[in-house]
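Engineer: Take this structure first; my questions come after.
Nothing in this text is a laboratory measurement; each read-out follows from the coordinates by a stated rule. As the structure is a prediction and not an experimental result, all values here were calculated from the model. A quick note on method: Cβ atoms are made from the backbone with ideal geometry, for glycine too, and the neighbour counts reach across all protein chains shown.
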Amino acid sequence: MRHQTIHRDNVLRGKNIIIGISGGIAAYKTPQIVRLLKKSGAKVRVALTDGATRFVSELALATVSEERVYRSIFPPADTSGTDYTRHISLGEWADAFVIAPATANTLAKLSAGLCDDMLTALFLTLRPRKPVLIFPAMDGQMFLSASVQRNIATLTAQGCRVINPDSGELASGLCGVGRMPEPESIVASLQNALHSTAATSPLYGKSVVVTAGPTREKIDGVRFISNYSSGKMGFAIARAAAKRGAMVTLITGPVHLETPPEVTRLDVESALEMHDTALSCFKSCNVFIGAAAVSDYRPLDPSEGKMKKENPEIELTLVRNPDILAEFGLQKASGQLAVGFALETQTGLGNARKKLKAKNLDLIAFNFFDRKTSGFEVDTNILTLIDKEGVTTELPLLSKDAAAGQLLDCIEKLCVYTPGINPLKNV
Ligand SMILES: Cc1cc2nc3c(=O)[nH]c(=O)nc-3n(C[C@H](O)[C@H](O)[C@H](O)COP(=O)(O)O)c2cc1C
């Protein structure tokens, strides 16, 4: 289950927030979101769909928000002195727009640009750079359906923050992904988004792709070749980048880690799967960070079923896997940054420098591996960062979260200060 801490400094005070509510069962929780926002000093207006009124009362929302609520874009015919273009003035008024719950139907309307009610019209009138947070909530199968996922991808590409639903018991009685996060968690996501908007991180709004974890290379139906990677470093980088306002896609091999808040996670198993998934992100990403421990080789001809224990010896032919990071580095366009890791068991700074050049990277983190304090599985790491100008920064033993922060500081500098590197732009 998602868990987020609410920022102590109150970024919500004095902010104008619109809550858009569509017709999912989770709508019954929305008065609590409004109440929490009001308690933090925000002004709240509510726009709800006709469907939403089946699940939550307009009177309850008007009472907790201390404002009239909006449904249609058409004002009553007999009202004089009305702001007839309220869908535009409210869009200008808002500092942020939170759509919770977002039904499959409303996601489709938003992604298609339809605007036949106040909620969908406001979505179109909101100014760029004002955070839009969308919390899809629905049955698990609905959420995973191709059309819902396509609509989510469209909205994400437009700069909306689509926050994956939680897993747990659903209204249908089934268990799965689809639950709207709790009101406290929604408020925390909004606070983070407002913080990142305010922050001056050059990574804000940029598309950052991180690979993490090990890959598994099938020997037969029940066995594989892999490594000790836990994914902790890649997940720490993804978490830190999302906190700085980046739109993060995390492509991960099999790991036992929770998805960091506001990160889009794509699970893969083999190096070839990771390669194919990464390829689809190459063109649109601003920064590609290869932190996965991708197997260099895979068995040439894995058996379908379980191999029998018949021979005293067997031979396994291994073939090279694609080098995902090198592929990105060698084809990246200006305005894109490639960042890699070089895990070495001995003093391998020279090797790391060679990799940096050969793969056309902008930055490499030489990762000393001793299995006790740094490298795979443990919570700490020792990194030496080398950028393409040769500037070398030796970091002490740090938690992986702190090391991720230092790495991102370095990437931010590359975005802004290094001559020859074009400023990143959203693609
Ligand atoms: C009892 C019930 C619960 C529903 N819960 C959801 C839900 O959680 N998520 C969802 O996407 N649709 C849900 N629906 C379907 C929507 O209400 C329906 O698609 C509606 O057209 C949504 O309209 P709106 O997006 O304009 O609010 C539910 C329908 C019923 C009858």
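Engineer: Report, to the nearest 10°, how far helix 183-198 tilts away from the longest principal axis of the Cα atoms in the chain, using its own Cα long axis and a range of 0 to 90°.
Structural biologist: Tilt of helix 183-198: around 80 degrees.
Engineer: Over the range 232-284, what number does the Rg to Rh ratio reach, with both radii from the alpha-carbon atoms and Rh per Kirkwood?
Structural biologist: Rg divided by Rh gives 0.96.
Engineer: Quick one: plug the Kirkwood hydrodynamic radius of the range 207-416 (C-alpha pairs) into Stokes-Einstein at 20 °C, 1.002 mPa s, and report D in µm²/s.
Structural biologist: The Stokes-Einstein estimate is 122 µm²/s.
Engineer: How about Lys283: which aspartates and glutamates have a C-alpha closer than 13 Å to its C-alpha, ignoring those fewer than 8 places off in the same chain?
Structural biologist: The qualifying aspartates and glutamates are Glu327.
Engineer: Report, ordered by chain and residue number, the lysines lying within cross-link reach of Lys355, taken as a straight Cα distance under 20 Å and ignoring same-chain residues fewer than 8 apart.
Structural biologist: Lys332, Lys388
Engineer: Just to check, using Stokes-Einstein with a Kirkwood Rh over alpha carbon pairs, what's the diffusion coefficient of the range 16-198 at 4 °C and 1.567 mPa s in µm²/s?
Structural biologist: Translational diffusion coefficient: 79 µm²/s.
Engineer: Regarding the chain, what is the average projected area of its C-alpha convex hull, in nm²?
Structural biologist: 23.9
Engineer: Also, quick follow-up: Over the C-alpha atoms of the range 148-215, what are the Rg and the largest Cα-to-Cα span, Dmax, in Å?
Structural biologist: Cα only, the range 148-215: 15.1, 44 Å (Rg, Dmax).
Engineer: If you bin the C-alpha pair distances of the range 132-177 every 10 Å from 0, what whole percents do you get?
Structural biologist: Per 10 Å bin, starting at zero, the Cα-Cα P(r) for the range 132-177 comes out as 29, 50, 20, 1 percent.
Engineer: Measure nothing fancy, just the Cα-based angle from helix 146-157's long axis to the longest principal axis of the chain, in degrees from 0 to 90, nearest 10.
Structural biologist: In the chain, helix 146-157 runs at an angle near 90 degrees to the longest axis.
Engineer: Looking at the range 16-198, what % of its DSSP beta bridges pair antiparallel, to the nearest 5?
Structural biologist: 20
Engineer: Now for a separate question. At each listed q (0.14, 0.20 Å⁻¹), what is the log10 of I(q)/I(0) that the Debye formula gives for the range 250-359 modelled as equal alpha-carbon point scatterers?
Structural biologist: -0.73, -1.18
Engineer: Using +1 on the beta carbon of Lys and Arg, -1 on that of Asp and Glu, and nothing else charged, what's the dipole of the chain about the Cα centre, debye to 20?
Structural biologist: The calculated dipole for the chain is roughly 820 debye.
Engineer: Continuing with this model, one more query. Based on the alpha-carbon gyration tensor of the range 91-243, what equivalent-ellipsoid semi-axes (square roots of 5 times the eigenvalues) come out, in whole Å, largest first?
Structural biologist: 31, 22, 15
Engineer: OK, next. What's log10 of I(q)/I(0) for the range 179-313 at q = 0.11 Å⁻¹, Debye sum over Cα points only, no solvent?
Structural biologist: Log10 of I(q)/I(0), two decimals: -0.49.
Engineer: Let me have the relative contact order for the range 16-198, percent, based on Cα pairs under 8 Å that are six or more residues apart.
Structural biologist: Value for the range 16-198: 23 percent.
Engineer: Would you work out the relative contact order for the chain, in percent, from Cα pairs under 8 angstrom that are 6 or more residues apart?
Structural biologist: 11
Engineer: Follow-up question, since we're still on this one. Taking the Cα centre as origin and putting +1 on Lys and Arg beta-carbons and -1 on Asp and Glu beta-carbons, what dipole magnitude results for the range 42-186, to the nearest 20 debye?
Structural biologist: 440
Engineer: Hey, got a sec? Which trypsin sites (Lys or Arg not before Pro) in the range 101-160 land in a DSSP loop and have at most 10 other Cβ atoms within 10 Å?
Structural biologist: Of the trypsin sites (Lys or Arg not before Pro), the ones in loops of the range 101-160 whose Cβ has at most 10 other Cβ atoms within 10 Å are Arg129.
Engineer: Then there is this: Considering the Cα positions of the range 202-266, please state its Rg to one decimal place and its Dmax as a whole number of Å.
Structural biologist: 13.5, 46
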